[in-house]
Amino acid sequence: MPKRLVFRWLAIPWIQKEADTYVYNHNTTRRRANRRKALPNGIPDVMFENPESVEALDFKVSYVFSYLMFSHHIVGHRSRCNDRGC
């Protein structure tokens, strides 16, 4: 039992530190350009904070909750499987 506790006491903070270092390095370094993809190739943290700096487009889909509830009321609780007779 004490060996497990020592392992957890040493390993968990070390693994967390390594994971934090990886995430920091991944999010703060510039991505390589890829000719096959139409994606921005900047620094992810900068692109997230200032999307206009990389001429990013907003693909957010906004909706009104009442419209969603109305469509749910029309369709009901049927599943697609029941419609086909599964």
Residue list for the stretch 11-35, filter: at pLDDT 85 or above and of a type in the set (D, E, K, R): 17, 18, 20
Subset of the stretch 1-46 (residues that are of a type in the set (D, E, K, R) and in a helix (DSSP H, G or I)): 3, 4, 8, 17, 18, 20, 45
Residues of the stretch 39-57 satisfying the condition of being more than 23 Å from residue 25 (Cα to Cα) and either aliphatic (A, V, I, L, M) or modelled with pLDDT of 85 or more (or both): 57
Pairs with Cβ under 9 Å, 6+ apart, first in the stretch 16-28 and of a type outside the set (D, E, K, R), second not in a helix (DSSP H, G or I): 27/43; 28/43
Test for residue 10: is it surrounded by 10 or more Cβ atoms within 10 Å (Cβ to Cβ) and aliphatic (A, V, I, L, M): yes
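The values are calculated or read from the model by the stated rules, or taken from the named source; none is laboratory data. Remember, predicted model here, so these are calculated numbers, not experimental data. Backbone-built Cβ (ideal geometry, glycine too); neighbour counts: all protein chains shown.
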